[in-house]
Amino acid sequence: MLASMRILAVDVGGSHVKLLVTGADAPRRFDSGPDFTPAELVAGVKAHATDWPFDVAAIGVPSPVLRGAVMEEPWNLGRGWVGFDFEAALGVPTRIINDAAMQALGSDEGGRMLFLGLGSGLGTALVDEGRVVPLELAHLPFRGQTFEDYCGQRGLNTLGEDAWRAVVLEAAELLRAAVAAEYVMLGGGNVRLMKDLPPRVRRGHNDRAFEGGFRLWADGPPLPPAWRALQAHAADWTLLAAPASTGPRPPAPVSTRPHPPAPARTRSHLPHLFGDDPSRAQSFTLRLDDLVVDYSKNHVTAETMKLLAELARATGVEALRERMFAGQAINNTEGRAVLHTALRNRSVRPVLVDGRDVMPDVRAALDHMRTFSDAVRAGNWTGHTGARITDVVNIGIGGSDLGPAMATAALASYNEGGPRLHFVSNVDGAHIGQTLRQLDPRTTLFIVASKTFTTQETMANARTAREWFLGHAKDEAHIARHFGAVSTNEAEVRRFGIAPEQMFVFWDWVGGRYSVWSSIGLPVALAAGFERFEEMLDGAFRMDEHFRTAPIERNIPMVLGLLGVWYASVLGHETHAVLPYEQLLHRLPAYLQQLDMESNGKRVDRHGAPVPVGTGPIVWGEPGTNGQHAFFQLLHQGTRVVPCDFLVGLESPYPLGEHHRLLLANCFAQTEALMRGKTEDEVRRELAAQGHSGEALERLVPHKVFPGNRPSTTIVYRKLDPGTLGMLLAMYEHKVFTMGAVWGVNSFDQWGVELGKQLAKRIDAELAGAADTTAHDASTNQLVNLARGR
């Protein structure tokens with residue numbers, strides 16, 4: 001990403017501002033002055049960079065800067081710099097640094113360097129092995145005045161060039177010794193006046209400030225010690241195949257800081273790790289009830305896990321976990337508590353939100369679900385003609401669709417006696433149209449799931465379902481027997497024609513992708529029965545209690561989350577595959593895509609600062625064995641390393657012939673094959689045994705070599721029953737929580753989905769209009785006008 005990032009570097013001086021963007025031939029400048037304000041800076045930057053697209057900005061300000069914020073008003077500029085929001089004003093992520101520190105960073109030649117900026121004043125900064133430390137040495141006493149009085153423009157004017165040069169070199173040596181620097185780099189506008197320099201003093205160039213601005217983004221901020229320890233540990237690893245293999249090399253470990261190349265130590269090759277430690281499988285396996293999580297086929301050692309646990313403690317995972325369970329508003333951008341765990345709290349413990357116990361409301365909502373789902377399943381709730389409900393259509397999108405659709409499919413073996421469930425989410429008319437074609441309006445019940453009852457896609461589908469129903473039933477009074485709502489907006493629900501007693505509630509402290517445990521899970525109760533839904537809650541509660549109380553090292557969700565951080569942030573693996581060897585879990589990968597990517601697909605932390613490491617991976621997958629005949633080729637012999645989760649039950653809900661034995665055999669074989677691979681020697685012996693020899697044999701060898709050393713986690717359970725499903729889903733929820741807590745991101749908002757929705761409303765109005773569209777870029781204008789038949 002950094003290679004293609006366009007960075008605007010801005011060097012703010014007392015008389016003018018200079019700016020340069022990545023890839024530009026020459027810098028540009030405009031005037032500043034003693035009354036120059038940050039608002040004028042932003043206006044000038046925008047005016048002089050109109051033809052320079054940029055993704056991020058770096059600004060060097062002639063004032064003390066602490067943690068990216070201006071701490072004091074510059075003495076040689078106007079007011080208003082302290083507290084100014086440069087990022088909001090420029091509209092791109094922006095990093096602020098002292099101007100001398102930015103020049104110092106750009107002038108860095110390695111080692112420990114003191115930078116002295118010879119300009120209107122005296123800028124000072126220290127760079128130690130790539131890490132810049134702004135200094136404020138200019139106003140220290142020197143010869144009865146200050147270093148700046150002698151070395152800045154005032155000293156040059158008073159002393160004359162020759163005496164000024166001599167005093168600059170004297171000051172440089174004193175300050176170099178004071179900060180134990182190996183050499184001094186002179187920069188700033190007046191460096192041009194320096195002539196012969198002693199060995200420990202070097203001449204910089206004022207435009208190196210731009211390089212510093214670029215480096216400020218390219219290198220990222222210094223990582224905290226726990227992160228640096230992991231990066232150093234990663235440098236001891238090699239992800240290459242076994243020495244005998246000539247297979248392609250997966251990417252080397254990545255770091256936001258350079259480190260020595262990883263030595264080719266065979267101890268990091270998975271088969272060797274198992275050979276060196278006969279107890280490895282047992283040591284790297286966790287259990288909870290019938291759930292077994294074997295993570296021994298991952299690129300970790302005991303030292304890796306120790307460092308990951310230290311990282312979790314250093315980043316406050318445990319503290320954030322306690323705050324979540326306590327009902328504190330850890331969703332800080334929306335000011336909300338995060339309490340999907342309260343929905344499945346099977347204990348007598350109260351759960352407080354703003355001092356009020358929410359558990360009575362939760363139990364009342366569950367009772368409402370129980371009463372209604374039991375009535376529908378028993379035939380006591382009928383349509384307007386008195387006919388039994390045979391089909392239920394859930395209309396929602398995102399968490400209002402993915403969770404209940406996935407769980408209903410997973411528990412399909414328990415659906416006897418319940419209505420058939422259908423799920424409509426896509427605003428594409430084909431989705432609702434194809435669904436309605438197979439239904440009888442007299443025996444169909446619609447559940448409209450939208451917290452606000454204004455979600456564009458959901459309400460478009462709901463209105464179509466309403467029109468279809470009224471086309472047969474004619475009387476709007478019948479809507480009450482055929483429509484229910486899961487919402488918090490009673491006024492809109494009433495306006496639609498749904499009776500308030502058919503509105504099932506949930507709360508703003510339940511995020512959409514965490515809401516299957518709430519009234520959003522009503523389709524699960526309708527299909528499998530409320531007792532099964534409660535068993536799912538029971539299983540989730542058991543995982544909640546484990547997550548809440550188990551130490552990090554033996555905590556299943558935390559260990560899985562830390563493995564995710566290890567791969568995504570340290571070793572640089574950008575994707576994660578979920579491979580359920582359980583057809584009933586065929587919707588699990590899609591469900592986890594939203595859970596993981598919507599939660600942790602963030603570039604800034606909870607305080608708005610850029611996250612200095614890679615965050616949420618791309619989650620994807622497909623049930624085995626289907627995936628084996630689709631993308632497993634890439635997993636085994638591709639150039640990318642893809643960490644995988646394999647999920648499988650020891651017993652099948654459908655024990656037919658040899659099916660389940662074959663399924664288990666394939667699942668376990670794939671994890672072994674990914675780990676072991678196949679070396680050149682093994683391939684040659686195999687080909688020779690098949691009758692190949694000479695040139696024909698050698699031609700085939702590279703194509704049949706498997707690098708191996710591909711990581712995977714195997715998650716085994718007795719049988720996919722409701723309790724097991726609840727445990728699995730809660731496990732993944734808390735895994736995602738752990739990863740987000742380590743990265744410091746807010747895992748519970750989703751601002752990234754808003755921009756496209758806002759633009760879609762605008763374009764929808766344009767598509768319905770009569771005039772040509774000219775308000776967008778040329779491509780979008782063309783597409784909109786094409787769709788309008790222009």
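The values are calculated or read from the model by the stated rules, or taken from the named source; none is laboratory data. Please read all numbers here as calculations on a predicted model, not as lab measurements. Reconstructed Cβ throughout: ideal geometry from the backbone, glycine too, with neighbour counts over all protein chains shown. What goes into the accessible areas is simple: the full protein's heavy atoms, side chains included, and nothing from ligands, DNA or RNA. Shrake-Rupley method; radii C 1.70, N 1.55, O 1.52, S 1.80 Å.
Here the Karplus relation 6.51 cos²θ - 1.76 cosθ + 1.60, evaluated at θ = phi - 60°, turns the backbone of region 593-605 into coupling constants of 4, 5, 3, 7, 6, 6, 6, 10, x, 10, 10, 10, 7 Hz, with x for every Gly and Pro.
Could you calculate the contour length gain from THR780 to GLU109, that is, 0.36 nm times the residue separation minus the distance between their Cα atoms, to one decimal place in nm? The partial results should precede the final answer.
Values: separation 671, 0.36 × 671 = 241.56 nm, distance 4.65 nm.
Result: 236.9 nm gained on full extension.
In region 597-675, Cα pairs under 8 Å separated by at least six residues give a relative contact order of 24 percent.
So, by mean Cβ neighbours within 10 angstrom, what's the order for 740-748, 379-387 with the highest one leading?
By packing density, highest mean first, the sequence is 740-748, 379-387.
For region 710-790, the extents of the C-alpha atoms along the principal axes are 62, 32, 29 Å, listed from largest to smallest. Amide H contacts of ARG202: VAL184, MET185, LEU186, each under 5 Å away and 5 or more positions distant or on a separate chain (H built 1.01 Å from N in the peptide plane; Pro and chain starts excluded).
Determine the share of region 303-391's accessible area contributed by carbon and sulfur atoms, expressed in whole percent, with a 1.4 angstrom probe.
Working: 2000 of 3940 Å².
Its accessible area is 51 percent carbon and sulfur atoms.
In this structure the amide hydrogen of VAL70, modeled in the peptide plane, comes within under 5 Å of the amide hydrogens of GLY83, none closer than 5 places in sequence on its chain.
According to the square roots a ≥ b ≥ c of the eigenvalues of the Cα gyration tensor, what is the shape class of region 421-494, taking rounded for a/c under 1.5, prolate for a/b larger than b/c otherwise, and oblate for the remainder? Before the final figure, lay out the partial values.
On the way: a/c = 1.82, a/b = 1.13, b/c = 1.61.
Oblate, since a/c reaches 1.5 and b/c is not below a/b.
Taking every alpha-carbon pair under 8 Å whose residues sit at least 6 apart, the chain reaches a relative contact order of 12 percent.
Determine, for each peptide in 442-449, 757-764, 536-543, 768-775, the mean count of other beta carbons within 10 angstrom over its residues, then list the peptides with the highest first. Intermediate values should be presented prior to the final figure.
Working: 442-449: 24.6, 757-764: 11.8, 536-543: 23.1, 768-775: 10.2.
The densest-packed peptide leads the list: 442-449, 536-543, 757-764, 768-775.
Quick one: Cα centre-to-centre distance for region 56-100 and region 179-195, in angstrom? Here the two parts' Cα centres lie 24 Å apart. In region 704-751, the C-alpha radius of gyration followed by the widest Cα-Cα span (Dmax) gives 16.2, 46 angstrom.
Separation of region 488-514 from region 617-678 is 41 Å, based on Cα centroids. Highest mean first, the peptides 687-700, 190-203 sorted by other C-beta atoms within 10 Å per residue fall in the order 190-203, 687-700.
Extending 7 Å from Cα along the Cβ direction at GLU173 and again at THR333 yields two label points whose distance is 5.5 nm. Computed over the chain, the alpha-carbon pair-distance distribution with 20 angstrom bins reads 14, 37, 33, 14, 2, 0, each value a whole percent. When PHE533, PHE706, PHE214 are compared by accessible area at a 1.4 angstrom probe, the order from most to least is PHE706, PHE214, PHE533.
Looking at the chain, send over the antiparallel percent of its DSSP beta bridges, to the nearest 5. Write down the numbers at each step before the final one.
Numbers: 38 of 87 bridges.
Beta bridges within the chain, antiparallel portion: roughly 45 percent.
The phi torsions of region 78-89, fed into the Karplus equation with coefficients 6.51, -1.76 and 1.60 and a -60° offset, translate into couplings of x, 9, x, 6, 5, x, 5, 8, 5, 5, 5, 5 Hz, rounded to whole numbers, with Gly and Pro shown as x.
Where the accessible area of region 1-110 is counted over protein heavy atoms with a 1.4 Å probe, how much of it, in %, is carbon and sulfur?
Details: 2650 of 4880 Å².
Roughly 54 percent, rounded to a whole number.
Straightening the chain between LEU634 and ASP772 buys 45.1 nm, computed as 0.36 nm per residue apart minus the Cα-Cα spacing. Placing dummy labels 7 Å off each Cα toward the beta-carbon, the span from GLN758 to ASN157 is 4.8 nm. Here region 547-641 exposes an accessible surface that is 51 percent carbon and sulfur, computed with a 1.4 Å probe and the other protein chains kept in place.
Determine the relative contact order of region 65-224: mean sequence separation of Cα pairs under 8 Å and six or more apart, normalised by residue count, in whole percent.
Numbers: 265 pairs, mean separation 39.0, N = 160.
Averaging sequence separation for qualifying contacts and normalising by length gives 24 percent for region 65-224.
Net charge of the neighbourhood of ASP605, taken over other residues with C-beta under 15 Å away and scored Lys/Arg +1, Asp/Glu -1, is +3.
Near HIS576, the amide H atoms lying under 5 Å from its own belong to ILE618, VAL619, TRP620; only residues 5 or more places off or on other chains count, and H is placed 1.01 Å from N. Solvent-accessible area per residue in region 666-769 equals 43 Å², computed with a 1.4 angstrom probe and all protein chains kept. Can you flag which of LYS297/LYS678; LYS678/LYS704; LYS451/LYS757; LYS451/LYS474 are past 19 Å Cα-Cα? Over 19 Å Cα-Cα: LYS451/LYS474. Per residue, the convex hull around the alpha carbon atoms of region 639-790 comes to 305 Å³. By definition, a body whose alpha carbon gyration tensor gives a ≥ b ≥ c is oblate when a/c is 1.5 or more and a/b is not larger than b/c, and region 1-137 fits this oblate description.
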